[in-house]
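Reviewing the structure listed below.
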Amino acid sequence: MTASDSTLRRFLHGLPGVDTVGLEARAASLGTRSIKTTSKAYAIDLAISMIDLTTLEGADTPGKVRALAAKAVHPDPTDRTTPRTAAVCVYPDMVATAKAGLAGTDVKVASVATAFPAGRAALDVKLADTRDAVAAGADEIDMVIDRGAFLAGHYLKVYEEIRAVKETCGEQARLKVIFETGELSTYDNIRRASWLGMIAGADFIKTSTGKVGVNATPANTLLMLEAVRDFRAQTGVQIGVKPAGGIRTTKDAIKFLVLVNETAGEDWLDNHWFRFGASSLLNDLLMQRQKLATGRYSGPDYVTVD
């Protein structure tokens, strides 16, 4: 199917069309599931363990990254039973700082690469970006696809770029492929991008950069969960999913966990296969966790400001 643009296009456009009304209705109905107190405590800890604690700003400093690493290891310093986050996600030039701050822990260092967030650069520049991050110690690479090429129908170009970045990651780093779903216009395009990313070798498929108006939604995440479920059924290969951007509350996070359980299944309820790309989400999870433990709502001044 990857022999030429035409054969790849034939495969991707041969995927079943998305029933928009049905997709959005199912995502909405799953979001209404009630969660009991004991299940909520479990879900909060699970969600904390799935967070890629992220700072991707031009004003990032080594001090800020070290502080973020410390928070990833001990999200609530007053309660050492609080799970660690899955990873800290930074720009390539901050990877070494994050790696040093996380030394001796199982928290991963993720790095955005390939001219994040626009992806508008030559392939050799994208590969150099990736190579630098991996050499500095990145355990995971979050790459962005060339949305312009994808929307123009140049699927083979996108496929070959993903393959090249995957090869550059080597055995050291897992690859998350970001589609920027808010720019893909249709659910059909999101389904096609999901399959394109998976057949190209993605270890994770990721909704968005968090830098555009529309990021992760229950509907687009549900669609991607269906894709990884179907891909494993056909190939035996399991791929992770990472919704990113716009998930800010415990209530939101639990809705996404319900989507995972009811769509892909329990095998994905683990931070090796599901992540949240978020920063502000962690503080709300910590406050809700404190409330369950003490019966009182602590408020935002009881958690660190990222």
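Longest stretch of the chain clear of exposed loop sites (GluC sites (Glu not before Pro), DSSP loop, at most 14 other Cβ atoms within 10 Å, sites excluded): 172-306.
Since only T32, T207, L282 are under comparison, the one whose Cα sits farthest along the positive direction of the charge dipole of the chain, derived from C-beta charges on Lys, Arg, Asp and Glu, is T32. Relative to one another, the C-alpha centroids of the range 1-47 and the range 270-286 are positioned 18 Å apart.
Between the helical axis of 62-73 and the longest alpha-carbon principal axis of the chain there is an angle of about 80 degrees. Axis of helix 250-263 versus longest Cα principal axis of the chain: the two differ by about 50°, to the nearest ten degrees. Could you give the angle, 0 to 90 degrees to the nearest 10, between helix 155-169's Cα long axis and the longest principal axis of the Cα atoms of the chain? The angle comes out at about 50 degrees. The loop-placed trypsin sites (Lys or Arg not before Pro) in the range 22-99, going by DSSP, that have at most 11 neighbouring Cβ atoms within 10 Å of their Cβ come out as K36, R80. Entry note, the range 193-301: relative contact order of 24 percent, from Cα contacts under 8 Å with a spacing of 6+ residues. From its DSSP helices (H runs of at least four residues, each -39,500 (n - 2.57)), the chain gives a residue-normalised ellipticity at 222 nm of -15000 deg cm²/dmol. When mean projected area of the Cα convex hull in nm² is computed from the coordinates, the matching label among [x] 22.3; [y] 18.4; [z] 15.3 is [z]. What the range 90-137 shows is 43 Å² of accessible area per residue, with the surface traced by a 1.4 Å probe over protein heavy atoms. Among the listed pairs K126/K251; K40/K206; K108/K291; K64/K242; K166/K251, a Cα-Cα separation exceeding 32 Å is found for K126/K251; K166/K251.
Work out the FRET efficiency for T249 and D106 from their Cβ-Cβ distance, taking R0 = 25 Å, and round it to the nearest 0.05. After rounding, the FRET efficiency stands at 0.40.
Structural descriptor for the chain: relative contact order 19 percent, calculated from alpha carbon pairs under 8 angstrom and at least 6 residues apart. With each label modelled as a point 7 angstrom along the Cα→C-beta vector, the S39-A293 pair spans 2.4 nm. Summarised in one figure, the compactness ratio Rg/Rh of the range 1-67, Cα atoms and Kirkwood Rh, is 1.22.
Across the range 1-34, the residues whose backbone nitrogen lies under 20 Å from the label position 7 Å along the beta-carbon direction of Q234 are 1-20, 23. Share of the chain's accessible area from carbon and sulfur, percent, 1.4 Å? Using a 1.4 Å probe with all protein chains present, the chain comes out at 51 percent carbon and sulfur. Rolling a 1.4 Å probe over the protein heavy atoms gives the range 162-220 an accessible area of 32 Å² per residue.
The values are calculated or read from the model by the stated rules, or taken from the named source; none is laboratory data. Treat the numbers as computed from the prediction; the structure is a model and nothing was measured. Cβ: placed from backbone, ideal geometry, glycine included. Neighbour counts: every protein chain shown. Please note that ligands, DNA and RNA were not included when accessible areas were found on the heavy atoms of the full protein model with its side chains. Shrake-Rupley method; radii C 1.70, N 1.55, O 1.52, S 1.80 Å.
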